[in-house]
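Supplied in structure tokens, the structure appears directly below.
The values are calculated or read from the model by the stated rules, or taken from the named source; none is laboratory data. It should be emphasised that the depicted structure is a prediction, and the values quoted were computed from it without experimental measurement. Positions of Cβ are generated from backbone atoms using ideal geometry, with glycine treated the same way; all protein chains shown enter the neighbour counts. Accessible surface is based on the protein model in full, side chains and every heavy atom, while ligands, DNA and RNA are left aside. Shrake-Rupley method; radii C 1.70, N 1.55, O 1.52, S 1.80 Å.
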Amino acid sequence: MENPGGVPDVFDPRVYADGPPHEAFRALRDRHPVAWQEEYEVLGWPAGSGFWAVTRHADVVRVLKDSRDYSSCLGATQIRDPDPADLPFIRRMMLNQDPPEHGRLRRLVSRAFTPGRIGRFAGTARERARELLEAAVDAGPEADLVRAVTDDYALLNLTDLLGVPAGDRGLLLTWTERVIAYQDPDEPPVLDARGRPVNPRSPAMLADMFAYARELAAYKRRNPADDVMTALATSELRPAELEMFFFLLTVAGNDTVRSAAPGGLLALAEHPDERRRLWDGTAAVDRAVEELLRWHPPVLSFRRTAARDTVLAGRPLAAGDKVVVFHASANHDERVFTDPHRLDLDRIPNPHVSFGEGPHVCLGAHFARLQLRVLYEEARHTLPDLELVAPPRRLVSNFINGVTSLPVRLR
């Protein structure tokens, strides 16, 4: 599809069912680096005001680093505008704040993500990866690696870090899918009294998650442990801030690895020569993690709002305009990456933006990298080979680069 003037359409969530639209992104980078996108009604969601799509690496980095001109707070960080009545509620989340408020919350929460606390989970993550992979091989010769390995791997690692009781872990998966998969036709939408879909980030849709967060925080105050929820529950966070952090960690913390892990395994299945180099130790795992993140960023896009009239890549923007950066496009920008459509596990330098840039760079990036490194190390010891037996199924979303099914033959 195209917008007026022959500008490729990168808004439609259905476009991403076949993977990031790299041909459209390249056309935008080459001819329309800051391009107007119509925001029409699609999949039952109402039309919006439209937005500027930012696709070149340098411009994406500029927008993400410049919180004075490009605000996370004014309209929040999703492409679609929230209900105006919900905006004050949504702005409680660190993701939807600008400095200095954002910095205060980030400093408080970063104390919970100490290197020592995260490092202590390395052994648990390795044992879990090995068990899940071995079980998939034993049940073979074919397996869906999403169902058999990566979904559980991401969820159980996160709940261990947070300190969520084992019996409650399914709740986190339910809440994550509700928020992340709301554009996917396979996920039936929640409708209001007038038959319109309800924003999954609205107060009504998050009430049960927030009630659980309050109960868990109270339990951690009575029974402290070496986990993130204990650290947050005993910090200076206000109750409403703690609830929002639980939401952010539950959804973003789970789905970052839940999307990146199968995306990385898919890339290795599709590139057997590079996979063999990783399997035999020719390619270093740490560099491979970065290249697989570049190739398959867990997040496709993030929105900002122009805080004042400005100019980006020669394009005048008006205060209040929506400005959306596309990570998958920036990661394949020929101006920055040599031969960007070639998977190169030795690629260096590799300045991908898969975890963002600037003040909102992913708080859990270190934890995510640790999990991915451990998973790939165990996969090369456990999986003799990877061969796709059917096309993967991808999430229908213009936000999360999800893989919902990865059927492989484990030869």
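Could you tell me which residue out of Leu410, Ser67, Leu248 lies farthest along the dipole of the chain toward its positive end? Charges go on the beta carbon: Lys and Arg +1, Asp and Glu -1, centred on the Cα centre.
Looking along the dipole axis, the top candidate is Ser67.
Would you kindly calculate the translational diffusion coefficient of segment 342-389, applying Stokes-Einstein with the Kirkwood radius from alpha carbon pairs, for 4 °C and a viscosity of 1.567 mPa s, and quote it in µm² s⁻¹ without decimals? Walk me through the intermediate numbers first.
Values: Rh = 13.3 Å.
In µm²/s, the coefficient is 97.
Two decimals is fine: what is log10 I(q)/I(0) at q = 0.14, 0.19, 0.20 Å⁻¹ for segment 200-340, from a Debye sum with one equal scatterer on every Cα and no solvent?
Values, matching the q order: -0.94, -1.07, -1.11.
Using bins 5 angstrom wide from zero, how does P(r) for segment 68-227 break down, in % of all Cα pairs?
Values per bin, smallest distances first: 1, 7, 12, 14, 17, 17, 14, 10, 5, 2, 0.
With every protein chain kept in the model, how would you rank His341, His360, His327 by accessible area, 1.4 Å probe, largest at the top? The partial results should precede the final answer.
On the way: His341 80, His360 35, His327 5 Å².
From most accessible down to least: His341, His360, His327.
So, one more: Determine the relative contact order of segment 5-116: mean sequence separation of Cα pairs under 8 Å and six or more apart, normalised by residue count, in whole percent. Kindly include the intermediate steps, with their values, before the conclusion.
Details: 97 pairs, mean separation 17.2, N = 112.
Relative contact order for segment 5-116 comes out at 15 percent.
Over the Cα atoms of segment 191-266, each weighted equally, I'd like the Debye log10 I(q)/I(0) at q = 0.14, 0.15 Å⁻¹, rounded to two decimals.
Evaluating at q = 0.14, 0.15 Å⁻¹ gives log10 I(q)/I(0) of -0.60, -0.66.
Here's another thing I want to ask about it. Once you've got the GNM for the chain with C-alpha springs shorter than 10 Å, pick whichever of Arg92, Arg196, Arg106 has the biggest mean-square fluctuation.
Arg196
Could I ask something else about it? For the chain, set up a GNM with springs between Cα atoms under 10 Å and report which of Asn350, Asn157, Asn254 has the largest fluctuation.
Asn350
Over 15 Å apart: what share of the alpha carbon pairs of segment 93-152 falls there, rounded to a whole percent? Walk me through the numbers before you get to the answer.
Values: 1170 of 1770 pairs.
Cα-Cα pairs in segment 93-152 separated by more than 15 Å: 66 percent.
Per residue, how large is the accessible surface of the chain? Use a 1.4 angstrom probe and give square angstrom.
Numbers: 16580 Å² over 411 residues.
For the chain, the per-residue accessible area is 40 Å².
Can you compute 3J(HN,Hα) from phi for each residue in segment 306-311, using the Karplus curve 6.51 cos²θ - 1.76 cosθ + 1.60 with θ = phi - 60°, rounded to whole Hz and x for Gly and Pro?
4, 7, 7, 4, 8, 10
Moving on. What are the GluC sites (Glu not before Pro) within segment 207-313 that DSSP puts in a loop, where the Cβ has at most 16 other Cβ atoms within 10 Å?
Hits after loop and neighbour filter: Glu236.
Can you tell me the FRET efficiency between Asp286 and Asp208 if r is taken as the Cβ-Cβ distance and R0 is 41 Å, rounded to the nearest 0.05? Could the numbers behind the result be given before it?
Working: r = 39 Å, r/R0 = 0.96.
So, using R0 = 41 Å, E works out to roughly 0.55.
Here is a further query. Taking the chain as a Gaussian network, Cα atoms linked when under 10 Å apart, which of Leu370, Leu266, Leu171 shows the biggest mean-square fluctuation?
Largest GNM mean-square fluctuation: Leu171.
Which residues does the label zone of Arg276 cover in segment 323-361, counting backbone N under 20 Å from a point 7 Å along Cα→Cβ?
Answer for this model: 342-347.
Which of the helices in the chain meet the span-like rule: DSSP H, Cα axial reach of 30 Å or more, Kyte-Doolittle mean at least -0.5?
Working: long enough: 239-270 (46 Å, 0.74).
Qualifying helices: 239-270.
Quick check for me: using +1 on Lys/Arg Cβ and -1 on Asp/Glu Cβ, what's the dipole size of the chain about its Cα centre, in debye to the nearest 20?
Details: 52 positive and 59 negative charges, 247 e Å.
For this selection, approximately 1180 debye.
Still on this structure, please answer the following. Using the Kirkwood radius over Cα pairs, work out the Stokes-Einstein diffusion coefficient for the chain at 10 °C and 1.306 mPa s, in µm²/s as a whole number.
Details: Rh = 21.9 Å.
My calculation gives 73 µm²/s for D.
Quick check of the Kirkwood formula: for segment 45-122, what is the inverse mean of 1/r over all pairs of different Cα atoms, in Å?
Values: mean 1/r = 0.0669 Å⁻¹.
Taking every pair of different Cα atoms in segment 45-122, averaging 1/r and inverting gives 14.9 Å.
Please report the equivalent ellipsoid semi-axes of segment 325-411, computed as sqrt(5 x eigenvalue) of the Cα gyration tensor, largest first, in whole Å. Present the calculation step by step, with values, prior to reporting the outcome.
Values: eigenvalues 127, 59, 54 Å².
Those come to 25, 17, 16 Å.
Give the carbon-plus-sulfur fraction of the accessible surface of segment 1-90 in %, rounded to a whole number; probe 1.4 Å, heavy atoms of protein chains only.
Values: 2010 of 3860 Å².
Heavy-atom surface of segment 1-90 belonging to carbon and sulfur, 1.4 Å probe: 52 percent.
Taking amide H atoms as placed 1.01 Å from N in the peptide plane, list the residues 5 or more away in sequence, or in a different chain, whose amide H sits under 5 Å from that of Ser301.
Result for Ser301 returns His327.
Could you tell me the accessible area of Asp208 in Å² (1.4 Å probe, neighbours in place), rounded to the nearest ten?
70 Å²
Report the Rg/Rh value for segment 1-146, based on alpha-carbon coordinates and the Kirkwood definition of Rh. Don't skip to the answer; put the middle values down first.
Values: Rg = 20.9 Å, Rh = 19.4 Å.
Result: Rg/Rh = 1.08.
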